[in-house]
Protein chains: 4
Amino acid sequence: MNFTHIFNVPLHDCDPAGVMFYGHLFRHAHDAYEAFMADRGMPLQEIFAAGKYKYPLVHAEADYRAPMPHGERIEARLSVERVGTTAFTLQVVFYAADGSEAATATTVHACIDAAWKKAALPDGLRALLTA
Amino acid sequence: MNFTHIFNVPLHDCDPAGVMFYGHLFRHAHDAYEAFMADRGMPLQEIFAAGKYKYPLVHAEADYRAPMPHGERIEARLSVERVGTTAFTLQVVFYAADGSEAATATTVHACIDAAWKKAALPDGLRALLTA
Amino acid sequence: MNFTHIFNVPLHDCDPAGVMFYGHLFRHAHDAYEAFMADRGMPLQEIFAAGKYKYPLVHAEADYRAPMPHGERIEARLSVERVGTTAFTLQVVFYAADGSEAATATTVHACIDAAWKKAALPDGLRALLTA
Amino acid sequence: MNFTHIFNVPLHDCDPAGVMFYGHLFRHAHDAYEAFMADRGMPLQEIFAAGKYKYPLVHAEADYRAPMPHGERIEARLSVERVGTTAFTLQVVFYAADGSEAATATTVHACIDAAWKKAALPDGLRALLTA
């Protein structure tokens, strides 16, 4: 399973070296995740409104292979790396305009219930992630 | 002249009230400006790379009429309000999913040269803005 | 009444010109407001937790007089400009390291109740703002 | 070696769950790094102005153990984990108000020269990091 989210590196994400500040990559990784969930018919805002579950991050990491300059068109490809009992792992690879890998972000999302206790992934989300 | 830029309100822009933090509106106003300039064939990164001129903000303001909730599809319509000798003014109106106006941002951009001195808008940019 | 909040311009707020991106100024204006409210014994998180009132922005504006370069020590001085029946106005002046004014941000905060209806400013907040 | 940087979780970093959005942690990790370097007499802006070296991130990761709620006072303790030939690794542990660990961020910074080629860490920085 694979989902593509495209953006241009905005000015406000670029530092004095003219390239994206490393920490801002995670905003774009999350944008890809939100777009993916909406595309699959389960937008995050509906999950939150339902109020039964939340999926806070327990781990996030990124490798940076090349700077992403201001204005560059980036193709972010999201894939589901792992679906566990109470957590799932996503990977987003960021491709530069020339097709090379500029960066990879990996995020681990835990399932918690309304009382912030660890919970099993609900069937609907599990089905979506393993489709 | 009018240009439309569309986005969904991302989670990372929303505060504990579940709606966009007011200050983040200006990032989206700038995204609309960047998309407009690229669409018109004069992307900001090429202006900066040329190194002759910059267009720093001298004034920015926004009116907020309705909260923009997480996930809402927003249509940002940019128009050129005024083209002066050494500055130009843009307006971006943010429309909610139901077509109502959620917010308006107005930004005044001054033209400065490589020495950060006020300069006349170059002809190419003037032509673009008044087209 | 006057309150001072100090910060250094962080790298992640600076754009390829080496100076603060204009929109990020409002994050710092809000930081000054939060620090002011906490200092006066009414931290925003307690207001939100109480759940009776919120103070969303209805207007924000800023004038930029000089670029704020990366690393510069900025003194942000907050003052209460106006206390109305259902809204209040704050002004934050940002002073550069040499004491000159680099920017001014003005924000208008409306009082709304739990149903997002306009409401009179509660007495406690009014007293705080007019002290 | 250890350096402490303190902040309160700002509203604009908090998402609809009322806690810091995970990606924003890296901005605070970088603020701690900037404050550390300035404290040690080598502020980042002077390194950049000198123009000989930059220290872009090649890897970043974070573990999140507990949510950081709006307004909470956080103590970020930075330590130098490793100083290699052409890179160094920092760790920032974020302590909640009750002294428990809320999150840890680890960042690997490569040394590159003005031509963006990998370079040996300059002696001054090496001395600072191993002091």
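The values are calculated or read from the model by the stated rules, or taken from the named source; none is laboratory data. In this text, all values refer to a predicted model and were calculated from it rather than measured experimentally. Here the Cβ positions follow ideal geometry from the backbone for every residue, glycine too, while neighbour counts run over all protein chains shown. Heavy atoms of the whole protein, side chains included, go into the accessibility calculation; ligands, DNA and RNA do not. Shrake-Rupley method; radii C 1.70, N 1.55, O 1.52, S 1.80 Å.
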**From the options B:I6, B:I47, residue that is more than 8 Å from chain C (Cβ to nearest Cβ), at pLDDT 95 or above, under 25 Å from B:A131 (Cβ atoms) and part of a strand (DSSP E or B)** = B:I6
**Request:** With the checklist (1) at the interface with another protein chain (Cβ under 7 Å from one of its Cβ atoms); (2) part of a strand (DSSP E or B) in hand, flag the one item B:G71 doesn't pass.
**Result:** (2)
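Just checking, which of B:A66, B:A76 is part of a loop (DSSP other than H, G, I, E, B) and either at the interface with chain C (Cβ under 9 Å from one of its Cβ atoms) or aliphatic (A, V, I, L, M) (or both)?
Every option except B:A66 fails the conditions.
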**Request:** Answer yes or no: is there a residue in segment D:97-114 that is more than 11 Å from chain A (Cβ to nearest Cβ), open to solvent by less than 30 Å² (accessible area, probe 1.4 Å) and either without any contact (Cβ under 8 Å) to a residue 24 or more places away in the chain or assigned to a strand (DSSP E or B) (or both).
**Result:** yes
**Asked** Out of all the residues in segment C:58-78, which are buried (at least 19 other Cβ atoms within 10 Å of the Cβ) and small (G, A, S)?
**Response** C:A60, C:A62, C:G71, C:A76
**Item:** Odd one out for D:P43 among (1) over 23 Å from B:V19 (Cα atoms); (2) surrounded by fewer than 20 Cβ atoms within 10 Å (Cβ to Cβ); (3) touching a residue at least 12 places away in the same chain (Cβ under 8 Å)
**Value:** (3)
**Fill in**
Per the filter on segment C:15-27, residues over 15 Å from C:A102 (Cα atoms) and of a type in the set (A, V, I, L, M, F, W, C) are C:A17
**Prompt:** In segment C:115-131, which residues are in contact (Cβ under 8 Å) with a residue 24 or more places away in the chain, of a type outside the set (S, T, N, Q) and not in a loop (DSSP other than H, G, I, E, B)?
**Reply:** C:K118, C:G124, C:L125, C:R126, C:L128, C:L129
**Request:** Would you mention how many residues in segment C:10-48 are hydroxyl-bearing (S, T, Y) and either over 19 Å from A:H24 (Cβ atoms) or in contact with a Lys or Arg (Cβ under 9 Å, 6 or more places away or on another chain) (or both)?
**Result:** 1
**Prompt:** Just for segment B:115-127: of the residues that are of a type outside the set (D, E) and out of contact with any strand residue (DSSP E or B) (no Cβ under 9 Å at 6 or more places or on another chain), which one is most open to solvent (accessible area, probe 1.4 Å)?
**Reply:** B:K117
**Request:** Tell me which of these C:A38 doesn't satisfy, since it passes every other one: (1) free of Cβ contacts under 8 Å to residues at least 12 places away in the same chain; (2) within 13 Å of chain B (Cβ to nearest Cβ); (3) surrounded by fewer than 18 Cβ atoms within 10 Å (Cβ to Cβ).
**Result:** (2)
**Message:** Which numbered condition in (1) within 22 Å of B:L125 (Cα to Cα); (2) within 14 Å of chain C (Cβ to nearest Cβ); (3) assigned to a strand (DSSP E or B); (4) among the aromatic types (F, W, Y) is the only one that B:F94 fails?
**Reply:** (1)
**Request:** From (1) under 15 Å from the mean Cα position of the chain (by Cα); (2) surrounded by fewer than 22 Cβ atoms within 10 Å (Cβ to Cβ), pick out the condition that doesn't hold for B:A49.
**Result:** (1)
**Fill in**
Scanning segment B:13-29 residue by residue, those open to solvent by 10 Å² or more (accessible area, probe 1.4 Å), within 7 Å of another protein chain (Cβ to nearest Cβ), touching a helix residue (DSSP H, G or I) at 6+ places or on another chain (Cβ under 6 Å) and assigned to a helix (DSSP H, G or I) turn out to be B:R27
**Considering residues of segment C:79-89 that are surrounded by 15 or more Cβ atoms within 10 Å (Cβ to Cβ) and either within 14 Å of chain D (Cβ to nearest Cβ) or free of Cβ contacts under 8 Å to residues at least 40 places away in the same chain (or both) only, the residue farthest from B:A60 (Cα to Cα)** = C:A87
**Asked** Do you know which residues across segment C:30-43 are of a type in the set (D, E) and not in a helix (DSSP H, G or I)?
**Response** none
**Request:** Go through segment A:1-12 and give me each residue that's buried (at least 19 other Cβ atoms within 10 Å of the Cβ) and farther than 19 Å from B:Y33 by Cα.
**Result:** A:H5
**Item:** Checklist (1) within 10 Å of chain C (Cβ to nearest Cβ); (2) charged (D, E, K, R); (3) in contact with a Phe, Trp or Tyr (Cβ under 9 Å, 6 or more places away or on another chain) applied to B:E61, failing item
**Value:** (3)
**Asked** Would you call B:D31 in contact with a His (Cβ under 7 Å, 6 or more places away or on another chain) and within 29 Å of D:G23 (Cβ to Cβ)?
**Response** yes
**Request:** Could you give me the residue pairs with C-beta distances under 6 Å whose first residue belongs to segment D:2-16 and is among the aromatic types (F, W, Y), whose second residue is open to solvent by less than 10 Å² (accessible area, probe 1.4 Å) wherever it lies, and which are 6+ apart or on separate chains?
**Result:** D:F3/D:F36; D:F3/D:L78; D:F7/D:I74
